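Presented below is the structure to which this report refers.
The values are calculated or read from the model by the stated rules, or taken from the named source; none is laboratory data. All of these numbers come straight from a predicted model, not from anything done at the bench. A quick note on method: Cβ atoms are made from the backbone with ideal geometry, for glycine too, and the neighbour counts reach across all protein chains shown. Calculation scope for accessible area: heavy atoms of the full protein, side chains included, ligands and nucleic acids excluded. Shrake-Rupley method; radii C 1.70, N 1.55, O 1.52, S 1.80 Å.
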Number of protein chains: 2
Amino acid sequence: MASSLLSRQLVLSLQQNLRLTAPGCRYVSKAAAKTQMEFEYDGPSMKTEVPGPRSKVLNHTNVGAINFFCNYEESRGNYLVDVDGNRMLDYTHLLHPYWSSAFVNRPALGIMPPENFPEKLAESLLSVAPSGMSRVQTMACGSCSNENAYKAMFIWYRNKERGHNIPSDEDMSSCMINQNPGCPDLSILSFMGGFHGRTMGCLATTHSKAIHKLDVPSFDWPIAPFPKLKYPLEEFTRENAQEEARCLEEVEDLIVQWRQKGRPVAGIVIEPIQAEGGDNHATPDFFKKLRNIARKHGSAFHLDEVQTGGGATGKFWAHEHWGMDDPADIVSFSKKMLTGGFYHKDELQADKAYRIFNTWMGDPSKNLFLAEVLNVIRRENLLEEVTRSGKTLLQGLYQLQDQYPNLLSSARGQGTFCAIDIRDDATRNSIILKARDKGVLLGGCGERSIRFRPALVFKEYHVHMFLNVFSDVLAEHN
Amino acid sequence: MASSLLSRQLVLSLQQNLRLTAPGCRYVSKAAAKTQMEFEYDGPSMKTEVPGPRSKVLNHTNVGAINFFCNYEESRGNYLVDVDGNRMLDYTHLLHPYWSSAFVNRPALGIMPPENFPEKLAESLLSVAPSGMSRVQTMACGSCSNENAYKAMFIWYRNKERGHNIPSDEDMSSCMINQNPGCPDLSILSFMGGFHGRTMGCLATTHSKAIHKLDVPSFDWPIAPFPKLKYPLEEFTRENAQEEARCLEEVEDLIVQWRQKGRPVAGIVIEPIQAEGGDNHATPDFFKKLRNIARKHGSAFHLDEVQTGGGATGKFWAHEHWGMDDPADIVSFSKKMLTGGFYHKDELQADKAYRIFNTWMGDPSKNLFLAEVLNVIRRENLLEEVTRSGKTLLQGLYQLQDQYPNLLSSARGQGTFCAIDIRDDATRNSIILKARDKGVLLGGCGERSIRFRPALVFKEYHVHMFLNVFSDVLAEHN
């Protein structure tokens, strides 16, 4: 049979070229091993209603669009088999875009997730859910995560304004043509220096570098100053507290102004440490007060941990350093988490299917990887390792800063998530290039900072190796 | 060594739990096999300047942000090895987010792509580039693809307005606070019934269902009517031509109106077949004239082939049915292509690094898969297969439509990308459920259509099997 042949050819060529057996391939590896096996079924075969009892049991995730759960091991050729053993001729191919049917499954998580998806979510993302959050929405990348988090906040805010979740006819018709009240003039408050991604919603809240934003239409949304603190924070507590108070006052002013303008602030988005914008820190006190301001004005509070999440600060989430039981309404992530997405409180759950949605909604293979990564982090106590290496790194940076006061300033960090300012942009770039020539990869951030972002397995001896090279490079620039 | 141990544990646990050896893992499989092998290098080792000669040769892709190409086979632990053999202590981990360093590489394609990336791009995406386009930008999903395509059109349009690509100081400062002229009031013209994704830029051009757009702030962008044609198209040529002329006239009016409003149309986006909006077709003549209108008014022309691309219409791209040498300035894709992205003409190339950018920019493993998929499509002549099956399917739908004139109407399609209208929404949904109970998975689209989206290996005998079941279900609803 042609399709049987096809599947065998695919397996062989995959194995040869990629040395990869993807999880959830439609049985291709076994089909190839058993050469007498017919690849396809003869026809449909229904055992239960759809969704069947097993699909119903599994369907406790937060996507109302799910039809049923699939057994991708048993699905073959043009037939999709669900977890209740129902075998269906698949005429919707595009809805769960498997290519060449027998080939690589990239499931449409929103509507037909694989059977082990809820379990793998529990083992991976949900096992590290931030305090107060038991729901997670996966997405393909950091930008999509923030875009959808903003949408969740807008939907929540409008339902709150309505007092219920039933849109008016005017809402329904006006939204189709991008107009009020269906597409309301709501806003997200962000901070100067923040970075939240490059798609158009995110980009309206990104304010780190002009090149990211230039020539792209945007929204008239409020932008607050992020505190410009002096480091080490503990040496300048009084000045820093004043600066933070100034910024918080400005936040409240902006919320009031934008409400008066008819563009109420549905949500506030902020990074626990402004990364792309130059590794700008603020104190736990600042974030606690900001969270309270959001609560007071009825705005959702969104922590963007795309850069800070995953352990580099010595805690799994940077916001854990603040010791809050209710740190936020939404926490978005990506990068180190291998998949994008956001955690949210129950009330931020969209009220209907397809409101927060995407064909792929991430990639379940990344959750499998993440579950393993989390096991290693726990087994190897990697967060303690990060704390230890980070302390050594920061101590070393302080020493170098004392040694080269004209060259270095403002060493700062949490865990190995560290940075230091260089005299000027040109010197910074020269130092990065010189270090690279000596075999050390560094990155820049902000106007004249160097940021350190080693892996979680960066040990103290790596820190010493780095400090030696860095010291040599600095000597050349003094 | 702890890190050596770590890597072996990861390999074992990965192999056991996932039966997966990811391509480009940092040598973990070989390290595990050779138990005496030290996992990490002793220190950096530099052989050439960076980027070295080999990186420079490879760097003919369209991302100015690329630092150098990486040899992920040789990279181990905290060391990144480039294609010129330079071994660098990796302090930028976050820039190419590998987790736990020795583990799964998910390269940051924009800055440090793997060595075989240009070759795999050539074998996969570039081997099926639309006419007139030799450049492709990969992205993680369909929404990101369209968002970035819009950004590329805005950047191109503004540089055209300027007459050069040097932004003014005012451009640079105003864009940081979302204001004109840096964030200009440009628009994208879209069509009622179109679907282009759910992130905020895309969503402003999506007009298929209210639930997608409700409560999300949007842009004041022009929306043109998409022709409402009578099927079969060839039986109603005169009425259809009139309807298309009406829509094209409206497009020109809107372009003029929005220019007068101070929101010039930088680009026009359209699907070759409106999919989510109800499988609405238009004639090649319509698209040719629309493309000319875009040219005449200086707007970029963007074909969204996220749903139609990849072969389901019987040609690799649906727009190939129009027989145009210069069909568009941008063609975006995702879904069947396994990765998102967009092709574009040379002049739509962003002029500076980081303007069209994303940390992951897709996932290179998907390109490997796609290269294999394309081989199978060619070897098995799957596009001919689709044409054959599609003809049989459409013929069958015509017959059923004659048999059940009160139930069915407007059978239409290209290849197996077919649809038919049902009497009303309730009957449509009942038919879909009944078909599912008999083991055939169908999907709805538009207000009362059923769409057919089988896999490329859907043969004529599958069509007959389907038509039998469908006929039974229809008999129950007559």
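State the number of residues belonging to segment B:119-142 that are at pLDDT 95 or above, in a loop (DSSP other than H, G, I, E, B) and within 14 Å of chain A (Cβ to nearest Cβ).
Of the residues in segment B:119-142, 0 are at pLDDT 95 or above, in a loop (DSSP other than H, G, I, E, B) and within 14 Å of chain A (Cβ to nearest Cβ).
Do we have any residue at all in segment A:270-291 that's in the same structural domain as A:S145 (by the TED database), polar (S, T, N, Q) and surrounded by fewer than 15 Cβ atoms within 10 Å (Cβ to Cβ)?
Going through segment A:270-291, the residues in the same structural domain as A:S145 (by the TED database) turn out to be A:270-291.
Okay, now just the ones that are also polar (S, T, N, Q), so A:274, A:280, A:283.
Next cut, surrounded by fewer than 15 Cβ atoms within 10 Å (Cβ to Cβ) only: none.
No: segment A:270-291 contains no residue that is in the same structural domain as A:S145 (by the TED database), polar (S, T, N, Q) and surrounded by fewer than 15 Cβ atoms within 10 Å (Cβ to Cβ).
How many residues does segment B:363-391 contain that are assigned by the TED database to the domain that holds B:V463 and among the hydroxyl-bearing types (S, T, Y)?
2
Yes or no: segment B:323-335 includes at least one residue that is under 28 Å from B:K160 (Cβ atoms) and assigned to a helix (DSSP H, G or I).
no
Run A:N178 past the list (1) open to solvent by 50 Å² or more (accessible area, probe 1.4 Å); (2) of a type outside the set (S, T, Y); (3) facing another protein chain (nearest Cβ under 7 Å); (4) touching a helix residue (DSSP H, G or I) at 6+ places or on another chain (Cβ under 8 Å) and report the number of the one that doesn't hold.
Exception for A:N178: condition (1).
Within segment A:221-253, can you find the residues that are over 24 Å from A:T206 (Cβ atoms), open to solvent by 30 Å² or more (accessible area, probe 1.4 Å) and either in a helix (DSSP H, G or I) or not assigned by the TED database to the domain that holds A:K289 (or both)?
Those that are over 24 Å from A:T206 (Cβ atoms), open to solvent by 30 Å² or more (accessible area, probe 1.4 Å) and either in a helix (DSSP H, G or I) or not assigned by the TED database to the domain that holds A:K289 (or both): A:L233, A:E234, A:E235, A:T237, A:R238, A:E239, A:A241, A:Q242, A:A245.
Would you check which residues across segment A:307-328 are in contact with an Asp or Glu (Cβ under 8 Å, 6 or more places away or on another chain) and within 30 Å of A:T359 (Cα to Cα) and list them?
Result: A:Q307, A:T308, A:W317.
Taking the options A:I431, A:I422, name whichever one is within 14 Å of chain B (Cβ to nearest Cβ), of a type in the set (V, I, T) and buried (at least 16 other Cβ atoms within 10 Å of the Cβ).
Only one candidate qualifies: A:I431.
Among the residues of segment B:388-427, write down those that are assigned to a helix (DSSP H, G or I) and touching a Ser or Thr at 6+ places or on another chain (Cβ under 7 Å). Write out each step before concluding.
Just the residues of segment B:388-427 that are assigned to a helix (DSSP H, G or I), to begin with: B:388-403, B:425-427.
Those that are assigned to a helix (DSSP H, G or I) and touching a Ser or Thr at 6+ places or on another chain (Cβ under 7 Å): B:S389, B:G390, B:L393, B:L400, B:Q401.
Go through B:D220, B:D171, B:D215, B:D185 for me and flag whichever is at the interface with chain A (Cβ under 10 Å from one of its Cβ atoms), over 17 Å from A:I211 (Cα atoms), charged (D, E, K, R) and in contact with a Gly (Cβ under 7 Å, 6 or more places away or on another chain).
B:D185
Scan segment B:196-210 for residues that are closer than 18 Å to A:C144 by Cα and either touching a Lys or Arg at 6+ places or on another chain (Cβ under 7 Å) or within 11 Å of chain A (Cβ to nearest Cβ) (or both) and report the count.
Counting residues in segment B:196-210 that are closer than 18 Å to A:C144 by Cα and either touching a Lys or Arg at 6+ places or on another chain (Cβ under 7 Å) or within 11 Å of chain A (Cβ to nearest Cβ) (or both) gives 10.
Has segment B:303-310 got at least one residue that is surrounded by fewer than 24 Cβ atoms within 10 Å (Cβ to Cβ) and either in contact (Cβ under 8 Å) with a residue 60 or more places away in the chain or hydrophobic (A, V, I, L, M, F, W, C) (or both)?
no
Between A:D424, A:D437, which is acidic (D, E) and modelled with pLDDT of 95 or more?
Just a single option satisfies the conditions, and that option is A:D424.
Look at segment B:449-465 and say how many of its residues are touching a residue at least 40 places away in the same chain (Cβ under 8 Å) and either open to solvent by less than 20 Å² (accessible area, probe 1.4 Å) or away from every other protein chain (no Cβ under 12 Å) (or both).
Of the residues in segment B:449-465, 10 are touching a residue at least 40 places away in the same chain (Cβ under 8 Å) and either open to solvent by less than 20 Å² (accessible area, probe 1.4 Å) or away from every other protein chain (no Cβ under 12 Å) (or both).
Could you please find all residues in segment B:143-164 being more than 10 Å from chain A (Cβ to nearest Cβ) and open to solvent by 10 Å² or more (accessible area, probe 1.4 Å)?
Selection gives B:K160, B:G163, B:H164.
Those residues that are of a type outside the set (F, W, Y) and either in contact with a strand residue (DSSP E or B) (Cβ under 9 Å, 6 or more places away or on another chain) or in a strand (DSSP E or B) (or both), I need them from segment B:186-200; list them, please. Working first, answer last.
First pass over segment B:186-200, keeping only residues of a type outside the set (F, W, Y): B:186-190, B:192-194, B:196-200.
Passing the criteria: B:L186, B:S187, B:I188, B:L189, B:S190, B:M192, B:G193, B:G194, B:H196, B:G197.
Looking at (1) open to solvent by 20 Å² or more (accessible area, probe 1.4 Å); (2) within 20 Å of the chain's Cα centre (by Cα), which is the only condition B:N381 fails?
Going through (1) open to solvent by 20 Å² or more (accessible area, probe 1.4 Å); (2) within 20 Å of the chain's Cα centre (by Cα) one by one, B:N381 breaks only (2).
Which one is farthest from the chain's Cα centre (by Cα), of the residues in segment A:386-417 that are at the interface with another protein chain (Cβ under 10 Å from one of its Cβ atoms) and not polar (S, T, N, Q)?
Per the criteria, the residue is A:L393.
Among the residues of segment B:440-478, write down those that are of a type in the set (S, T, N, Q) and either at pLDDT 90 or above or within 25 Å of B:K336 (Cα to Cα) (or both).
B:S449, B:N468, B:S471
Go through (1) of a type in the set (A, V, I, L, M); (2) open to solvent by less than 10 Å² (accessible area, probe 1.4 Å); (3) closer than 21 Å to B:R158 by Cα one by one and return the number of the condition B:V256 breaks.
(2)
Kindly indicate whether any position in segment B:30-38 is open to solvent by less than 40 Å² (accessible area, probe 1.4 Å) and either at pLDDT 55 or above or under 27 Å from the mean Cα position of the chain (by Cα) (or both).
no
For segment A:356-381, give me each residue that is touching a residue at least 40 places away in the same chain (Cβ under 8 Å), part of a helix (DSSP H, G or I) and touching a helix residue (DSSP H, G or I) at 6+ places or on another chain (Cβ under 7 Å).
A:P364, A:N367, A:L368, A:L370, A:A371, A:L374, A:I377
Name, by its number, the condition in (1) crowded, with 21+ Cβ neighbours inside 10 Å; (2) farther than 16 Å from B:D472 by Cα that does not hold for B:T392.
(1)
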